[in-house]
Each structure stands twice: as C-alpha cells, then as structure tokens.
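Below is one structure, written out as structure tokens; the observations come after it.
The values are calculated or read from the model by the stated rules, or taken from the named source; none is laboratory data. Everything numeric in this text was worked out from a predicted model, so none of it was measured. Here the Cβ positions follow ideal geometry from the backbone for every residue, glycine too, while neighbour counts run over all protein chains shown.
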Amino acid sequence: MSLLSLFFTSLVLKAEAANDGMSLLERMKPPVDISTNGHLIDGLFYFTTWLILVYFILVCAGLFGFAYKYWNKKNPKATYLHGTSKKHVAIVAGIGAAVFITIDMQITRIANDDFVGVFAKWPDETKEEVLKVQVLAQQWAWNYRYAGKDGVFNTEDDVVTLNDLHLPTGKKIVFQVTSKDVIHSFFISNARQKVDAMPGRVSRMWVELTKAGKFEIACAEICGTYHYRMASKLTVHSPEDFKAWMEEAELKADQVNDKEDPTRYWGWKWQNAIAAATKN
Ligand SMILES: [Cu+2]
C-alpha cells in the first residue's frame, strides 16, 4: 500500500470515528426525511445531480475524444475555423437547446408543479384542524408560541418555549414566522422546508410530519456572530404523545406564566393563510 492511500484511508477512518460510525457514503446523503412532501425536494435534487452527471460524462468524452482525434502526431497541420458555417452554428445551437430543454426547463417544470400543486396549497384552517405555531427568531434563539387552551394567540394561557419545538405526526402544521432583529431563516432540514424570518413581516410555512423522534432546527441565514449556535431542538411525537405533552405544557404555562410581564406577549393575532392570500 502506498503512503498516499494510507494517508487517505486514515483520514476516512478518522472521519468515520467522529460521526458515530457512519460511512462516508451515508454522510453524503441528506438527513432522514420525516415529512409527507420532503421526497419532492429530494427527487428534484437527485434529478439535477444525475442529469448533470450525464452531461459531465458527455463533456469529458468530447474533451478527451477531440484531444485524441486532433492529436498532433496524427494531424501535424493545424486548421483554423471561425465556427460560422451553417453546420457549426446548427451543432452549437442544437447542443445549447438540448441542455436548456432537458435541464433548465425540466427543473423549472418540476419545481413549479411541486410549488403550485403541493407547497402553496395551504390547508384550509376553517375546514380542517391544523396545529398553529408562531415562531419568533432573534439573535440567537428561536421562540415558539402555541395558542394554549383558548385557541387564541398572545393571551395569558399561551404555551411559550425557547429552542424547544414539539410537533405531532399525522397533522398539518402551519407556522407563522417573524424576527425580532435581523433576517433569519427557519429551517427544518428533516422536512426539507425553510422560510425566511424577517422583522416587520410574517411569513408562513406548512408541513406534515410522518416520523416521531428527536431532530434539530437550524438557522439557515447568516445572522451575526453566533449564527452557528442558533440551533433548536425538535421533538416529533405521535398524536397521543403530543396531546400529553401539550396538556402538561398548558398546565405548566398556567403555573409559571408571569401574566404581568409585557415581554411575554410577543405574539400576534393569527391570520388565516387562505383568507390572507385572497385578501391580497
Ligand atoms: Cu439566525
């Protein structure tokens, strides 16, 4: 074994030891998908990757093929072309159109279908039961707010947590997200969903989760010195477990909320997503 391969093997082994025994290939994969629609994003990602790989191989074949074909041992005399003949223009235009149609247009089509058909299809809060969560980002933490027993936001009985989001499986969850200071980005990587948190503005996102477990939420927008620390816990429960957690949290909120503290009331009046969309 050469010294170089020994070096790389030791690097890989070291990296594997530092990542709970996950292989290099496993770590290249996206995090586990726990949502109903995450596969759409993954599908687009894989489609792009494989298609680009195909084109990469074609480009390499052309590059090395022509280098071999016009090798100076076989073709000692160089010819100079302007590339303006009809044939040459047609070849270049044809390849350009093929790339545009098979990559750009396809990606745009798939992304547009996913957006219009799925991600922008807001659950109708007047017709189906959804879980509503308000998210306030700040340098450098996540504040979450549930409406509490009365179902109304920014009231005394709200359940408020810091860097600790609890969600159920099997139910549509609608987030309304804003920021206290700078632009942050609320990113649930396990659901492949992300939305900007902007001061003075409320943005929305909805997800439906399928797997219970412990995950993480990250800030996906450089937001200052401790941006990297802006991680939050995400616990996904089965519907029964979530109900139990919420009941306990509501009880606790009743006992520990300082109702006189004005800083507790950072929430806002919930806006029905569909009503808001039709109003604009
Ligand atoms: Cu941030």
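Couple of notes before you dig in:
- Residue within the stretch 235-248 that is assigned to a strand (DSSP E or B), among the aliphatic types (A, V, I, L, M) and in contact with a Ser or Thr (Cβ under 9 Å, 6 or more places away or on another chain) present: yes
- From ILE57, ILE91, ILE110, ILE103, residue being touching a Leu at 6+ places or on another chain (Cβ under 9 Å), modelled with pLDDT of 90 or more and not acidic (Asp, Glu): ILE110
- Of the residues making up the stretch 252-273, not a single one is part of a strand (DSSP E or B) and closer than 21 Å to LEU131 by Cβ.
- Only one entry in ASN154, ASN163, ASN143, ASN112 is surrounded by 11 or more Cβ atoms within 10 Å (Cβ to Cβ) and either basic (Lys, Arg) or farther than 21 Å from ILE217 by Cβ (or both), namely ASN154.
- Considering LEU209, LEU162, the condition of being within 25 Å of SER35 (Cβ to Cβ) and more than 18 Å from the chain's Cα centre (by Cα) is satisfied by LEU162 alone.
- Residue, surrounded by the fewest Cβ atoms within 10 Å (Cβ to Cβ), within the stretch 174-205, restricted to residues that are small (Gly, Ala, Ser) and farther than 18 Å from PRO123 by Cβ: GLY200
- For the stretch 210-232, the set of residues classified as in contact (Cβ under 8 Å) with a residue 40 or more places away in the chain, within 21 Å of ARG145 (Cα to Cα) and either away from the ligand (no atom under 16 Å from the Cβ) or among the acidic types (Asp, Glu) (or both) consists of ALA212, GLY213, PHE215, listed by residue number.
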